[in-house]
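Peer 1: Right, I'll just put the structure down here and ask away after.
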Amino acid sequence: MKFSFKALAIAAFSIAAAGANAQSNVPSKMYAEIGYASIGIKGSDGTDSIKSRPGAFTGIFGYQVHPNIAVEGFLGLGGGKDGIDLNGAASGVDAKIESSYGFFVKPSVMVSDSVELFARGGILRTKISLSAGNISVSGSDTDVAYGVGLNYNLSKTSYIQGNWTSYYNQDGVKASGVALAYGMRF
């Protein structure tokens, strides 16, 4: 059987086109998210308690290492300060999340074509400042962080997300909160 050059070229083009089409249907492995978190800070030393709810702008860059596991870099920057209540009364002192950064491992599962459930676990370093008038103090610490959330796909490349994350929990001080985010796969 004899093949012509034209038939061979058509066959090669068809195979290449089919491969390119299959490649375009493979979901992207990289993604980025931007969002806003309302972070509740609570503390107690047994007799006194404090509460505050400052905000933070959040950003995540992730890479899908497996269809159900991703690794993520996290960055949070101050998105507003909030007054501290001491034993339920205003104290005149404000709290602000200056920065938070770290990484997460994120297992996930698709429960429908549009909805993905996930958990996150990792390490974050967070810097918080307290201020009253012209006086300001700040401190930072590192702790294990974890959370759960849900992505709702708007398209193959974009989604919205709601999550709850525990950012810090040591020495009677807890920082956790809810966030809304927009994500893009590329």
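Peer 1: If the elastic network links every pair of Cα atoms under 10 Å, which of Ala132, Ala32, Ala119 fluctuates the most in the Gaussian network model of the chain?
Peer 2: Its mean-square fluctuation being the largest, the pick is Ala132.
Peer 1: Same structure again: Would you mind checking the tilt of helix 5-24 against the longest principal axis of the Cα atoms of the chain, expressed as 0 to 90 degrees and rounded to 10?
Peer 2: Value to nearest ten degrees: 20.
Peer 1: According to the Kirkwood expression over distinct Cα-Cα pairs, how big is the hydrodynamic radius of the stretch 114-186, in Å?
Peer 2: Taking the inverse mean of 1/r over all distinct Cα pairs, the stretch 114-186 comes out at 14.3 Å.
Peer 1: Could I ask something else about it? What is the gain in length, in nm to one decimal, between Val115 and Lys42 on full extension, counting 0.36 nm per residue of separation less the C-alpha to C-alpha distance?
Peer 2: Result for the pair: 23.1 nm of gain on full extension.
Peer 1: Give me the one-decimal nm value for the distance between modelled label points at Val105 and Trp164, 7 Å along each residue's Cα-to-Cβ direction.
Peer 2: Output for this residue pair reads 2.3 nm.
Peer 1: At a 10 angstrom cut-off on C-beta neighbours, averaged per residue, how do the peptides 50-56, 60-66 rank from highest to lowest?
Peer 2: 50-56, 60-66
Peer 1: Considering amide H positions built from the backbone, and no H for Pro or chain starts, which residues 5 or more places from Ile123, or on another chain, come under 5 Å of its amide H?
Peer 2: Answer set, sorted by chain and number: Phe103, Ala145.
Peer 1: Pull up all non-local amide H partners of Ser158: gap of 5 or more, or a different chain, and H-to-H distance under 5 Å with H placed in the peptide plane.
Peer 2: So Ser158 has HN proximity to Arg185.
Peer 1: Hey, what do the phi angles of the stretch 117-132 turn into as Karplus ³J(HN,Hα) couplings, whole Hz, using 6.51/-1.76/1.60 and θ = phi - 60°, x for Gly and Pro?
Peer 2: Rounded to whole hertz, the list is 9, 8, 10, 9, x, x, 10, 10, 10, 10, 10, 10, 10, 10, 9, 8.
Peer 1: Ok, one more. Rounded to the nearest 0.05, what FRET efficiency do Lys156 and Ile123 give with R0 = 41 Å and r taken as the Cβ-Cβ distance? Could you check?
Peer 2: With a Förster radius of 41 Å, E is 0.85.
Peer 1: Give the Rg/Rh ratio for the stretch 87-133, taking Rg as the radius of gyration of the Cα atoms and Rh as the Kirkwood radius, to two decimals.
Peer 2: My calculation of the ratio gives 1.27.
The numbers here are math on the coordinates, done by the rules we state, and not lab data. The structure presented is a predicted model; accordingly, all values stated were derived computationally and were not measured. Positions of Cβ are generated from backbone atoms using ideal geometry, with glycine treated the same way; all protein chains shown enter the neighbour counts.
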